[in-house]
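K.L.:
First the structure, then my questions, so here it is.
The values are calculated or read from the model by the stated rules, or taken from the named source; none is laboratory data. This one's a predicted model, so the numbers in the text were calculated from it and none came from an experiment. Every residue, glycine among them, receives a Cβ derived from its backbone with ideal geometry; neighbour counts consider all protein chains shown.
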Amino acid sequence: MKFEHVTIPEGDLIQVKNGQIEVGDHPVVGCLRGDGIGLDITPAMQAVVGAAVEKAYGGKRSIVWCPVYAGLESLQRYGTELPQEAVDVIQYLKVAIKGPFTTPIGEETHVCLYCAHQQYHGGTCDKCGKTDGVTKRFRSINVRLRQMLDLYACVRPIRYFEGVPSPNKYADKVDFVIFRENTEDVYAGHDFERGSDVALAVINLIKEMTGRQIREDSGIGIKPISEFGSKRLIRKACQWAVKQGLPSVTFVHKGNIMKFTEGSFCKYGYELVADEFGDKFVTEKDLWDKYNGQMPEGKILAKDRIADSIFQQIQTRPGEYSVLAVPNLNGDYLSDAAIALVGGLGLGPGANIGDEVALFEATHGTAPKYTGMDKVNPGSLILSAVMMLNHMGWNEAADLISKGMGQAIKDGHVTYDLERLMRGEGRTDVTKVSCSGFGQAIIERM
Ligand code: NAD
């Protein structure tokens with residue numbers, strides 16, 4: 001396959017057949033460097049992945065990186081921030097990893113093509129002084145990539161690393177993965193202004209058809225949650241639990257209040273495990289009715305929790321959860337609340353996954369003030385690469401990275417952000433390292 005600006009390097013193309021990924025020994029993987037500190041964290045991640053794969057497979061396997069251009073880098077090459085070619089290449093390669101992308105805030109914002117600094121005028125960048133590359137605002141590349149590639153599952157693993165200061169007493173028990181639906185609920189929502197024709201028509205329609213009253217001065221919001229959208233998300237969560245050998249999947253919902261959106265999401269979950277995973281799962285009801293509360297060997301527990309209670313449960317009993325399947329809006333809140341439990345966003349990895357394509361990503365932004373300083377924490381992107389290796393079935397290399405990072409943090413060899421937190425907790429044996437230095441600290445401890 002030929003592309004205009006992207007040259008696909010020699011290597012094995014990843015295939016997806018009947019939902020199963022097939023990976024050769026030298027897979028070609030897309031790499032979108034991202035804007036701002038993407039410049040710093042991407043090479044650090046590649047160095048760590050390269051070392052882990054080499055150590056795990058003794059030269060028999062390697063990743064062949066294929067640069068894919070989007071964001072500020074692509075504005076320089078193609079004159080547009082998200083060329084169709086970037087989407088086509090990711091679709092073709094099936095697996096890619098990305099740094100953060102700038103989304104200019106506000107109508108009048110301009111962005112520096114080099115350092116990603118945002119300002120309210122064109123011309124020279126106020127931060128880095130470059131004059132030839134300040135561009136006007138555009139829509140979120142992240143959101144568009146998810147939509148164009150139909151990446152319907154936003155996957156966020158949340159786990160604790162020993163030594164990271166956390167506000168939670170049970171942080172060491174936190175080790176779960178959130179599957180947040182990425183296309184429906186408020187993401188496909190419609191919001192109608194109070195007094196608008198549609199808002200008034202909906203108010204009248206509801207009154208006519210149900211007799212229920214809504215105040216005339218109400219804005220009206222509609223949040224669709226479909227069987228199709230819910231089941232494909234929950235299916236991914238269940239497949240993950242099966243593949244990774246995890247003990248439970250929890251459907252999170254607000255079905256006590258919204259029975260036919262949130263409540264149906266939960267119902268679809270139980271239907272799906274019965275129809276498609278039959279003998280692999282037992283429900284919480286079965287557990288007590290049939291097994292006297294003792295989990296049968298080798299089975300996965302399917303359970304559900306009301307959204308407000310799960311916010312308490314992940315703080316008070318985090319060890320009881322391993323995979324959580326959640327509709328869009330509650331999944332948004334839950335992901336950020338959960339990552340705070342284990343010390344904040346710096347170490348939160350992520351992925352957006354569809355039927356064929358998986359795009360792994362750092363979950364923080366471009367932090368433009370640190371661009372090119374080799375200073376920031378590359379942990380989020382490195383842990384996203386761990387997810388990517390797991391997705392490819394290269395678990396040995398993934399485990400080496402997790403182990404190396406865990407040990408580097410435990411030893412206090414960390415970037416400025418964690419150093420500050422650790423010293424704040426009274427630790428004195430902390431060594432501040434650079435972004436690339438943190439990568440090296442991981443490699444030395446694999
Ligand atoms: P941000 O995450 O870029 O930065 C906020 C602050 O967090 C930084 O100033 C820095 O102090 C700290 N920080 C972030 N990443 C860090 C890291 N890896 N190591 C150490 N410290 C780190 O958020 P923002 O300032 O709100 O957004 C800046 C830009 O990033 C915006 O254009 C926004 O749209 C974009 N953004 C992109 C993504 C994404 O691509 N997934 C996510 C969030 C924000």
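K.L.:
If we only count strands (runs of 3 or more DSSP E) wholly inside region 153-261, which ones have 3 or more residues that are farther than 20 Å from Ile306 by Cβ? Quick ask: steps written out before the conclusion?
P.N.:
On the way: elements: 153-159, 175-181, 190-192, 220-222, 248-253.
Those strands (runs of 3 or more DSSP E) span 153-159, 190-192, 220-222.
K.L.:
Please work out which residue is farthest from Arg144 (Cα to Cα), limiting yourself to region 340-363 and to residues that are within 11 Å of the ligand (Cβ to nearest atom) and either without any contact (Cβ under 8 Å) to a residue 24 or more places away in the chain or surrounded by fewer than 22 Cβ atoms within 10 Å (Cβ to Cβ) (or both). Lay out the reasoning, then the answer.
P.N.:
As a first pass, look at region 340-363 and keep what is within 11 Å of the ligand (Cβ to nearest atom): 344-348, 350, 352, 359, 361-363.
After this cut, where a residue has to be either without any contact (Cβ under 8 Å) to a residue 24 or more places away in the chain or surrounded by fewer than 22 Cβ atoms within 10 Å (Cβ to Cβ) (or both) as well, the list is 344-346, 363.
Numbers: Gly344: 26, Leu345: 22, Gly346: 24, Thr363: 16 Å.
Restricting to residues being within 11 Å of the ligand (Cβ to nearest atom) and either without any contact (Cβ under 8 Å) to a residue 24 or more places away in the chain or surrounded by fewer than 22 Cβ atoms within 10 Å (Cβ to Cβ) (or both), the top hit is Gly344.
K.L.:
Return only the number of the condition from (1) in contact with a helix residue (DSSP H, G or I) (Cβ under 7 Å, 6 or more places away or on another chain); (2) assigned to a helix (DSSP H, G or I); (3) within 11 Å of the ligand (Cβ to nearest atom); (4) of a type outside the set (D, E, K, R) that Ser402 does not satisfy.
P.N.:
All conditions are met except number (3).
K.L.:
From the list Glu22, Glu54, Glu85, which one is assigned by TED's automatic domain parsing to the domain that holds Asn377 and either among the aromatic types (Phe, Trp, Tyr) or over 29 Å from Gln239 (Cα atoms) (or both)?
P.N.:
On the way: Glu22 fails: either among the aromatic types (Phe, Trp, Tyr) or over 29 Å from Gln239 (Cα atoms) (or both); Glu54 fails: either among the aromatic types (Phe, Trp, Tyr) or over 29 Å from Gln239 (Cα atoms) (or both).
Matching residue, one of Glu22, Glu54, Glu85: Glu85.
K.L.:
Sticking with this structure for a sec: Given the options Lys207, Lys169, name the one that is without any contact (Cβ under 8 Å) to a residue 60 or more places away in the chain and either within 25 Å of Met405 (Cβ to Cβ) or in contact with a Phe, Trp or Tyr (Cβ under 9 Å, 6 or more places away or on another chain) (or both). Talk me through it step by step, then tell me what you get.
P.N.:
Values: Lys207 fails: either within 25 Å of Met405 (Cβ to Cβ) or in contact with a Phe, Trp or Tyr (Cβ under 9 Å, 6 or more places away or on another chain) (or both).
Unique residue meeting the criteria: Lys169.
K.L.:
With of a type in the set (A, V, I, L, M), closer than 25 Å to Val68 by Cβ, more than 14 Å from the ligand (Cβ to nearest atom) and not in a strand (DSSP E or B) as the only criterion, which of Met446, Met373, Met387 stands out? I'd like the intermediate steps shown before the answer.
P.N.:
Values: Met446 fails: closer than 25 Å to Val68 by Cβ; Met373 fails: more than 14 Å from the ligand (Cβ to nearest atom).
Result: Met387 is the single residue among Met446, Met373, Met387 that is of a type in the set (A, V, I, L, M), closer than 25 Å to Val68 by Cβ, more than 14 Å from the ligand (Cβ to nearest atom) and not in a strand (DSSP E or B).
K.L.:
Continuing with this model, one more query. Which of the numbered conditions does Ile105 fail, given that it passes all the others? Conditions: (1) more than 29 Å from Leu329 (Cα to Cα); (2) part of a loop (DSSP other than H, G, I, E, B).
P.N.:
Ile105 satisfies all of (1) more than 29 Å from Leu329 (Cα to Cα); (2) part of a loop (DSSP other than H, G, I, E, B) except (1).
K.L.:
Right, here's the next one. Taking the condition among the hydrophobic types (A, V, I, L, M, F, W, C), away from the ligand (no atom under 11 Å from the Cβ) and crowded, with 19+ Cβ neighbours inside 10 Å, does Val433 pass?
P.N.:
On the way: among the hydrophobic types (A, V, I, L, M, F, W, C): yes; away from the ligand (no atom under 11 Å from the Cβ): yes; crowded, with 19+ Cβ neighbours inside 10 Å: yes.
Here the answer is yes, as Val433 does meet what is asked.
K.L.:
What number goes with the only condition from (1) within 14 Å of the ligand (Cβ to nearest atom); (2) assigned by TED's automatic domain parsing to the domain that holds Gln15; (3) over 20 Å from His364 (Cα atoms) that Asp150 does not pass?
P.N.:
(1)
K.L.:
Then there's this: Can you pull out every residue in region 95-112 that is buried (at least 21 other Cβ atoms within 10 Å of the Cβ) and either over 26 Å from Asp150 (Cα atoms) or more than 14 Å from the ligand (Cβ to nearest atom) (or both)?
P.N.:
The answer is Val95, Val111, Cys112.
K.L.:
If we scan region 37-58, do we find a residue that is in a loop (DSSP other than H, G, I, E, B) and surrounded by fewer than 24 Cβ atoms within 10 Å (Cβ to Cβ)?
P.N.:
yes
K.L.:
Would you please name the residue that is nearest to the chain's Cα centre (by Cα), looking only at residues in region 169-196 that are aromatic (Phe, Trp, Tyr) and modelled with pLDDT of 95 or more? Spell out the reasoning first.
P.N.:
Quick first cut of region 169-196, residues aromatic (Phe, Trp, Tyr) only: 170, 176, 179, 187, 192.
From what is left, the residues that are modelled with pLDDT of 95 or more are 176, 179.
Details: Phe176: 13, Phe179: 9 Å.
Once the filter is applied, the top-ranked residue is Phe179.
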